[in-house]
């Protein structure tokens with residue numbers, strides 16, 4: 001296996017702490033400094049089918065964003081299907097999995113100046129099939145950085161726990177990045193979390209403030225989450241949603257919430273609310289104040305004449321078979337992911353990493 005190309009393993013203290021966000025930003029920052037950057041996510045748990053091959057969705061995101069010039073199957077060698085763990089426990093094939101990871105890394109590192117290795121969850125994820133993040137970092141001969149969520153006590157406690165498992169595997173944790181910090185707390189977290197981590201022997205490499213643009217879902221993401229179908233406006237599926245309002249009130253009252261970025265959830269038979277939304281949306285003089293869209297919940301739909309009006313309007317309309325309460329609950333509990341083509345989010349991530357993370361210090365730590 002390649003032992004020459006510099007590399008870093010990006011792990012986190014919990015799922016959704018910001019590994020992929022960090023990798024997206026690191027790729028651009030390292031590309032400016034070093035040139036050709038490779039990427040691999042050895043073990044993936046959320047995958048999509050590409051030409052009949054199961055590929056981790058984060059590998060697809062990186063490839064479509066940066067044109068990594070590595071076969072997708074090499075960037076995502078192991079996709080954890082629903083029965084993967086049971087099959088492994090029944091008949092262990094650890095050596096084959098290790099060989100697959102190593103061979104894929106060689107392909108990912110081919111003609112590259114640096115390789116980013118993205119983990120999956122906290123240090124122990126994958127232990128059930130003997131491929132925890134810590135053990136994969138060891139297999140690939142990589143040092144690690146830990147991504148955690150904003151605060152002081154919680155990040156330090158969780159980094160201590162994760163660091164212990166990496167150290168047990170003989171993997172050095174060269175630093176930490178604290179993500180999703182309240183902007184008003186940035187200086188406090190940077191100072192005191194930095195001192196607390198120093199006591200653990202971990203250097204704080206950066207603090208990243210919470211950015212609203214990265215936490216807001218798009219209409220397309222919401223549509224998928226609520227098992228919806230676009231009746232109109234699918235071309236605007238990347239439009240961001242800033243607020244969600246249940247239209248369980250009078251028409252006069254609900255129009256008070258017709259503000260920019262608001263998504264209205266309404267029963268499919270509330271044609272009064274739909275007509276009011278259509279009227280507001282089609283007022284060109286208020287283009288900057290249009291609502292994001294409307295969701296028609298439940299089994300009822302407007303009559304065919306109104307559906308024709310919808311299809312010739314500027315208003316994105318999604319129909320969901322779920323009731324209004326379930327729709328609102330699912331939106332509230334969504335995990336917001338950056339998707340291929342979300343250029344506004346990707347630009348924000350790149351600028352954030354470049355500004356808040358000490359990339360040159362990270363490279364120093366890796367090389368020593």
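Key figures for this structure:
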| quantity | calculated |
| --- | --- |
| Overall form of the stretch 106-206 per C-alpha gyration tensor (a/c, 1.5; a/b vs b/c) | prolate |
| Label-to-label distance, nm, for residues given as residue 309 and residue 336 (7 Å Cα→Cβ offset) | 3.3 nm |
| 246, 200 arranged by Cβ crowding within 10 Å, fewest neighbours leading | 200, 246 |
| FRET efficiency for residue 200 and residue 301, using Cβ-Cβ distance with R0 set to 41 Å, rounded to 0.05 | 0.10 |
| Cα gyration tensor shape of the stretch 1-117, rounded if a/c is under 1.5, else prolate or oblate by comparing a/b with b/c | prolate |
| Percentage relative contact order, the stretch 219-332, counting C-alpha pairs under 8 Å, at least six apart | 35 percent |
| The chain, helix-only ellipticity at 222 nm - DSSP H runs n ≥ 4, -39,500 (n - 2.57), divided by all residues, nearest 500 | -12500 deg cm²/dmol |
| Extension reserve of the residue 95-residue 326 stretch, reckoned as 0.36 nm per residue once the Cα distance is removed | 78.7 nm |
| Considering only the chain, percent of DSSP beta bridges that pair antiparallel, nearest 5 | 20 percent |
| Length-normalised contact order for the chain - Cα pairs under 8 Å, 6+ apart - percent | 18 percent |
| Cα gyration tensor shape of the stretch 219-332, rounded if a/c is under 1.5, else prolate or oblate by comparing a/b with b/c | rounded |
| Full-extension gain in nm, residue 235 to residue 64, via 0.36 nm per residue minus C-alpha separation | 59.6 nm |
| GNM result for the chain, Cα springs below 10 Å: residue of 312, 94, 122 fluctuating most strongly | 312 |
| Net lengthening on full extension, residue 130/residue 182 (0.36 nm per residue, minus Cα-Cα) | 15.1 nm |
| Candidates 66, 325, 39: whichever shows maximal mean-square fluctuation once the chain is modelled as a Gaussian network with Cα springs under 10 Å | 325 |
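Computed from the coordinates by the stated procedures, all read-outs in this text should not be read as laboratory data. Computed from a predicted structure; not experimentally measured. For neighbour counting, all protein chains shown are included, and Cβ atoms are generated from backbone atoms with ideal geometry for every residue, glycine included.
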